[in-house]
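Here is the structure we will look at.
The values are calculated or read from the model by the stated rules, or taken from the named source; none is laboratory data. These figures come from a predicted structure and were not determined experimentally. Every residue, glycine as well, gets a Cβ built from its backbone with ideal geometry; the counts of neighbours run over all protein chains shown. Only protein heavy atoms, including side chains, enter the accessible area calculation; ligands, DNA and RNA are left aside. Shrake-Rupley method; radii C 1.70, N 1.55, O 1.52, S 1.80 Å.
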Amino acid sequence: MTRKLALALPCLLAVACGGDFSNDDLEFQNALPQREDLAAKLPDTARSGQGLGTRGQRLSASQVLGGTSELALQAYTAGTRFNTSVDGLLSLLELFRNAPPTTRETDRRIWGPFPAEDHPGHELRFVMERQGASFAYLLQFRPNGGGESAWWTYLPGTFKADGGIRKGEGTLALDLKAARANGFDTKEADTLDRLDIGYQTKALPTRVELLFTGIGATVPLTRYASRQTPEGLGEMAFRLPGVDFVPGNLAETLDIVARWTPDGRGVLVLNILEGDAKGAQYTECWDARTRITFMQRNWDFLNPTEGDRGSCPDVSALNP
């Protein structure tokens with residue numbers, strides 16, 4: 001749905017293009033996040049797609065010293081999907097950032113309303129409001145001919161400035177439940193009620209978190225978080241429920257933190273929070289070719305470690 005809107009909006013906004021931006025307009029525009037603010041920082045090998053696992057590849061507890069780290073590949077794949085999800089949302093915001101507003105008020109800007117070409121019989125608008133250093137924005141739809149009360153919000157967002165241009169804390173979300181309630185087809189997101197993003201760019205390392213709330217759930221069950229430093233260190237942390245990680249009757253809930261250097265060396269810690277192996281912890285490190293150089297298992301009392309712990313890269317700059 002976000003991709004279709006992103007393709008449709010340029011022609012809708014064309015009527016506003018070519019106008020002038022005031023300094024005050026720029027303050028509103030800088031409250032909107034950009035791709036480089038929120039994208040996960042992946043190693044060069046992961047960004048080029050070399051060695052990435054396929055979407056259907058199952059997480060496994062079977063790892064061999066010197067072999068390819070399947071968990072590292074899954075972490076890189078998770079980072080790629082993370083960036084795809086973030087990009088889908090930000091592509092919408094960038095369209096409004098690049099066009100002058102239709103209506104200007106002292107602490108309010110409005111783009112639209114425009115016809116919602118992908119949803120015949122509806123129109124859309126984008127509204128931003130400012131209160132001091134804080135901003136709130138809404139991408140909204142309503143049936144043609146509806147009044148002010150007919151607008152409903154598909155994408156809400158907030159930003160609180162702190163420390164410079166686009167520095168601060170923010171949130172944005174997709175309200176997929178509201179979209180379906182208003183007759184919109186959410187397609188590949190039909191198993192979700194909501195997708196939330198929270199981020200902070202005011203201090204290093206920067207952090208971005210994605211929360212996925214399934215249909216009927218009261219709290220998010222799946223979450224992904226990314227952190228990064230200016231030196232190129234990256235981190236993906238994710239919680240995955242319902243994973244068949246070890247043989248048994250119960251599915252596992254995995255908590256995984258993977259960190260890596262720009263050249264692709266990394267370290268990963270996996271904790272099993274629920275399931276047949278609840279309480280188990282596994283740690284591994286890999287080299288720039290994603291080969292396992294060190295492994296540690298808290299459940300193996302006879303052979304708890306394999307390989308060279310000194311091979312693990314220094315990623316302490318990402319410590320809390």
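What the table shows:
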{"read-out": "Rounded FRET efficiency, nearest 0.05, which uses the C-beta distance separating Asp276 from Phe301 and R0 of 22 Å", "value": "0.75"}
{"read-out": "Potential extension, Glu36-Asn319 segment - 0.36 nm per residue separation minus Cα distance", "value": "99.7 nm"}
{"read-out": "Burial order of peptide ranges 256-262, 268-274, 64-70 (average beta-carbon count within 10 Å, highest first)", "value": "256-262, 268-274, 64-70"}
{"read-out": "Using θ = phi - 60° and Karplus 6.51 cos²θ - 1.76 cosθ + 1.60, couplings along segment 27-38 (whole Hz; Gly, Pro as x)", "value": "5, 5, 5, 6, 7, 8, x, 10, 3, 5, 6, 10"}
{"read-out": "Debye-sum result for segment 175-249 in log10 I(q)/I(0), which assumes one identical scatterer on each alpha carbon, at q = 0.18, 0.23, 0.24 Å⁻¹", "value": "-0.84, -1.00, -1.04"}
{"read-out": "Extent along principal axes [Cα atoms of the chain; Å; largest to smallest]", "value": "72, 42, 33"}
{"read-out": "Separation of the Ser149 and Thr106 label points, Cα + 7 Å toward Cβ, nm", "value": "2.8 nm"}
{"read-out": "Expected 222 nm ellipticity per residue - DSSP helices of 4 or more, -39500 (n - 2.57), all of the chain, to 500", "value": "-5500 deg cm²/dmol"}
{"read-out": "Sites Ala203 and Ala288, calculated FRET efficiency, Cβ-Cβ separation with R0 30 Å, nearest 0.05", "value": "0.55"}
{"read-out": "For Asp276, residues with placed amide H under 5 Å, excluding near neighbours", "value": "Leu250"}
{"read-out": "Residue-wise HN-Hα coupling along segment 288-300, computed from phi with Karplus coefficients 6.51, -1.76, 1.60 (Hz; x: Gly, Pro)", "value": "5, 9, 6, 9, 5, 10, 7, 9, 9, 10, 6, 9, 9"}
{"read-out": "Cβ-derived FRET efficiency at R0 22 Å, Lys167 paired with Ser22, nearest 0.05", "value": "0.55"}
{"read-out": "Inter-label distance for Thr158 and Asn249, nm, one decimal - labels placed 7 Å from Cα along Cα-to-Cβ", "value": "4.5 nm"}
{"read-out": "Where segment 208-274 is the region considered: accessible area per residue in Å², 1.4 Å probe", "value": "42 Å²"}
{"read-out": "Spatially close lysines, pair count over the chain: Cα under 16 Å, gap of eight or more or interchain", "value": "4"}
